[in-house]
Amino acid sequence: MKRDLYETLGVAKTADEKELKSAFRKLAMKYHPDKNPGDAESEKTFKEINQAYETLKDPQKRAAYDRYGHAAFEQGGMGAGAGMGGNAGGFSDIFEDIFGEMMGGGRQRRSAGGRERGADLRYNMEISLEEAYAGKTAQIRVPTSITCDVCTGTGAKPGTKPTTCATCQGSGRVRAAQGFFSIERTCPTCQGRGQTITDPCTKCHGHGRITEERSLSVNIPAGIEDGTRIRLSGEGEAGVRGGPAGDLYIFLSVKPHEFYQRDGADLYCSVPISMTTAALGGKFDVATLDGTKSRVTVPEGTQAGKQFRLKGKGMPVLRSSQVGDLYIQMQIETPQKLTKRQRELLKEFEDLSSKENNPESTGFFARMKDFFDTLSD
Ligand SMILES: [Zn+2]
Ligand SMILES: [Zn+2]
C-alpha cells in the first residue's frame, strides 16, 4: 500500500505551494542519502518525499491525485518522468484514457504514425558550495534512448516500411465491451501506433530507438541554490518514430560545507576563540570562497555570540551583480584540563576581579536575588 502523498510530506490537503515546498525541503534535508550514508530506510523515505513533492507541486497532477489517488499515475499516461511505476490491474486503460487526455499527452502519444514524445529524464547532481559560488560548466553523461540511426526511428528495416495495423485499421484504438460499458482502448496489436512492423530493423529490433550514453555540458550559474531544477528542453529521451524528445531535468543539490552555512546569499561561520583571546583581543584569518583570506580583529572583551560582518564575502545572487555577506559568529571556548599552575593563576585572577569585569553576570544574579525576595515576601 502506497502512503498518502500529503502524509508523506506531513502537510494538510489544503497546503499551498509554499507550505509544500518548505515541508519538502525540510524532509529532503533530513533524509538526504549524504546525511544517512548506507541507511536504506532513509533512502527509501527520501525517494518517497521526492515523488510526493514532484506530484503535488504540479497543479494538474495534484488535482488528478486528489480525485483518483495513486491510481491516477499507474501505468502510462504520464511517462517515465513521473517516476511512479506500478500496476493498476484492469483499470489501467480507463485511467490512461482519462489522464492521457487530461495531461495533454493523449493526442500526442497516439498521433498519426505512432509518434510518441520521449520520456523526461531526471539527473541528480551534487555540487560543492565553492562550485555554487563560482558557477561551473559540468560535463555529465546521461544514459538515454536516442533515435536509431539505421532506420531513422521508423523501426522498420531500411528499404521496408511499416504497414497499417490490421486489427485497428491504423486508428490505434479498438472498442471493447466491458460489462455494461463499451470502452475504447489502445489497440493491443500495435500498442496504439496504428502500424505494425513486419521487417524490424536489426539494430533497434523495431523500437526505433537505441540506448546510448550521451555527454552533455551543463552550465551551472554562480549563486545557484540547493534544490534548484534546471530544465534542458529536448535533451531527454528521443521520441518514438520521430516524435519530439522529452526534457532533461537536472536536480541540483549543494553539499553541506565544513565551515559555512548558507542562508540565501549570506554565509555564516561559527568560530571558536579561546577565553583569553576573547578577553584580551586578538586576530585570526578566515579563508573566504573568493579564494582570499579575510582578517578578523577581535576587540578586547568580546562576548560569546558576537557577530562580525564581512561585507561582500557571501554568495553571489543568481543572475545579478549583488553579493551577500559573511557573518562570523564568536564562540568562546572555556579552557579545560588546567594544570595546577593555571588553576592558581585563574584563582588569583578571580580574587582580583571586580563587578565591572563581569557586569552581565553580576547584574543577573543581583536581579535574580531581588526576584526571589519578591516571591518570599
Ligand atoms: Zn532501427
Ligand atoms: Zn492496431
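The values are calculated or read from the model by the stated rules, or taken from the named source; none is laboratory data. Quick caveat, the model's predicted, so the values are computed rather than measured. Cβ sites come from the backbone with ideal geometry, for glycine too, and all protein chains shown count toward neighbours.
Condition check for V254 on (1) within 16 Å of ligand 1 (Cβ to nearest atom); (2) touching a helix residue (DSSP H, G or I) at 6+ places or on another chain (Cβ under 7 Å); (3) of a type in the set (A, V, I, L, M): one failure, at (1).
Of the strands (runs of 3 or more DSSP E) lying entirely inside segment 242-305, those containing at least 1 residues that are polar (S, T, N, Q) and closer than 30 Å to I127 by Cα are 248-254, 261-263, 266-274, 293-298. If you take the residues of segment 277-301 that are under 39 Å from the mean Cα position of the chain (by Cα) and among the hydroxyl-bearing types (S, T, Y), which of them is surrounded by the most Cβ atoms within 10 Å (Cβ to Cβ)? Top of the filtered list is T288.
Considering V142, V150, the condition of being away from ligand 1 (no atom under 16 Å from the Cβ) and under 30 Å from C204 (Cα atoms) is satisfied by V142 alone. Checking each residue in segment 115-165 for being closer than 30 Å to F259 by Cβ, among the hydrophobic types (A, V, I, L, M, F, W, C) and not in a strand (DSSP E or B) picks out L129, A132, A134. Quickly run through segment 201-224 and pick out the residues that are within 16 Å of ligand 1 (Cβ to nearest atom) and in contact with a strand residue (DSSP E or B) (Cβ under 7 Å, 6 or more places away or on another chain). Passing the criteria: C201, K203, C204, G206, G208, R209, I210, T211, E212.
Taken over segment 174-204, the criterion of being over 21 Å from S145 (Cα atoms), more than 8 Å from ligand 2 (Cβ to nearest atom) and touching a Cys at 6+ places or on another chain (Cβ under 8 Å) is satisfied by no residue.
The conditions of being more than 21 Å from V142 (Cα to Cα), touching a residue at least 40 places away in the same chain (Cβ under 8 Å) and within 16 Å of ligand 2 (Cβ to nearest atom) are not met by G223.
Mind checking whether some residue in segment 203-226 is in contact with a Phe, Trp or Tyr (Cβ under 6 Å, 6 or more places away or on another chain), under 30 Å from Q322 (Cα atoms) and not acidic (D, E)?
Looking for residues that are in contact with a Phe, Trp or Tyr (Cβ under 6 Å, 6 or more places away or on another chain), under 30 Å from Q322 (Cα atoms) and not acidic (D, E), one finds none in segment 203-226, hence no.
Of the candidates S270, S274, the single residue that is modelled with pLDDT of 95 or more and touching an Asp or Glu at 6+ places or on another chain (Cβ under 7 Å) is S274. When we screen E356, E344 for residues that are surrounded by 10 or more Cβ atoms within 10 Å (Cβ to Cβ) and more than 27 Å from G223 (Cα to Cα), the only hit is E344. Entry remark, segment 143-171: residues being closer than 18 Å to D199 by Cα, of a type in the set (G, A, S) and either within 12 Å of ligand 2 (Cβ to nearest atom) or buried (at least 16 other Cβ atoms within 10 Å of the Cβ) (or both) number 5 in total. Taken over segment 172-199, the residue count meeting the criterion of being within 16 Å of ligand 1 (Cβ to nearest atom) and either surrounded by fewer than 18 Cβ atoms within 10 Å (Cβ to Cβ) or at positive phi (or both) is 2.
The single residue among P256, P221, P143 that is under 30 Å from L318 (Cβ atoms) and modelled with pLDDT under 85 turns out to be P143.
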